[in-house]
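Comments concern the structure below.
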Amino acid sequence: MSSTKPSAEVTSQVLIQALPYIQKYKDKVIVIKYGGNAMINEELKDAVMGDIVLLHAIGIKVVLVHGGGPEINAMLKKIGKESKFVGGLRYTDRETIDIVQQVLAGKANKDLVQLLENAGGKAIGLCGLDGSLLKADKLEADLGFVGEIREVNADILRNAAKDGYIPIVSTVAAGYHGEVYNINADVAAARI
């Protein structure tokens with residue numbers, strides 16, 4: 001039976017090749033978008049969490065922004081509501097935004113926090129509503145409660161990173177008049 005552990009020679013070669021990147025990105029903030037479909041494969045989840053902990057350990061400040069489409073779809077199906085998409089974006093009516101908030105800011109976010117902690121990281125789960133991390137207006141297209149980010153309170157993320165935490169951000173944003181908006185995770189990751 002062969003061992004799956006890399007030899008010392010292979011490990012040293014990988015580290016030598018990685019050194020310029022480690023030096024370049026040490027103390028920098030990188031934002032990783034973690035899509036909902038990648039969140040349903042257990043082996044992939046464990047590998048991603050291990051990689052994030054490694055990046056953090058070598059001095060790269062990581063912010064993980066996640067979606068949760070499959071989990072939202074499953075919850076909507078449980079309550080007998082059909083998912084509707086327009087141009088690849090989820091149409092989010094009043095009932096759906098409640099489900100989106102529960103799934104993303106609740107279960108999906110806290111599951112990722114626990115996975116990262118189990119991998120040896122120090123994580124904190126946040127959503128765009130926390131401390132007005134993400135402020136948004138209604139997206140121009142008629143998609144219901146789907147928003148477009150107007151402001152990011154990056155101090156929250158910087159303070160969490162300064163204290164040694166890896167922020168895990170779900171893509172629910174606060175409106176300017178008490179609304180809650182669903183934000184596409186790709187868009188949120190690009191703006192954070």
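Tabulated results
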item	result
Percent carbon-and-sulfur accessible area, the chain, ignoring ligands, DNA and RNA, probe 1.4 Å	54 percent
Rounded to whole Hz, the Karplus (6.51, -1.76, 1.60) HN-Hα couplings of region 14-30, x for glycine and proline	4, 5, 4, 5, 7, 3, x, 6, 4, 5, 5, 9, 4, 6, 8, 9, 10
Protein-only accessible surface order, largest first, of ILE192, ILE40, ILE99 at 1.4 Å	ILE40, ILE192, ILE99
P(r) weight above 19 Å for region 80-154, C-alpha pairs, percent	48 percent
Average accessible area per residue (Å²) across region 44-91 - probe 1.4 Å, nucleic acids and ligands excluded	52 Å²
With all protein chains modelled, accessible area of HIS66 [1.4 Å, Å²]	0 Å²
In Hz, Karplus ³J(HN,Hα) per residue of region 99-114 (6.51, -1.76, 1.60; θ = phi - 60°; x = Gly, Pro)	5, 4, 5, 4, 6, 6, 6, x, 4, 4, 5, 6, 4, 5, 4, 5
Per residue accessible area in Å² of region 114-163, where ligands, DNA and RNA are left out and the probe is 1.4 Å	51 Å²
Directionally averaged projected area (convex hull, Cα atoms, region 1-133), nm²	11.6 nm²
Selected from VAL152, VAL100, VAL86 as most flexible by GNM, with the chain as the system and alpha-carbon contacts under 10 Å	VAL86
Residues whose placed amide H lies under 5 Å from that of GLY175, excluding near-sequence neighbours	ALA136, VAL180, TYR181
Accessible area of THR96 in the full protein assembly, 1.4 Å probe (Å², nearest 10)	10 Å²
Cβ-derived FRET efficiency at R0 30 Å, LYS110 paired with GLU179, nearest 0.05	0.80
Where trypsin sites (Lys or Arg not before Pro) fall in DSSP loop in region 1-50, at most 16 other Cβ within 10 Å	LYS26, LYS28
Taking the convex hull of Cα positions in region 58-192, its mean projected area over all directions (nm²)	8.3 nm²
Rounded to the nearest 10 Å², the accessible area of ARG158 at probe 1.4 Å	140 Å²
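The values are calculated or read from the model by the stated rules, or taken from the named source; none is laboratory data. Everything numeric here is computed off the predicted structure, so don't read it as measured data. Reconstructed Cβ throughout: ideal geometry from the backbone, glycine too, with neighbour counts over all protein chains shown. Areas reflect the complete protein model, heavy atoms only, side chains present, ligands, DNA and RNA absent. Shrake-Rupley method; radii C 1.70, N 1.55, O 1.52, S 1.80 Å.
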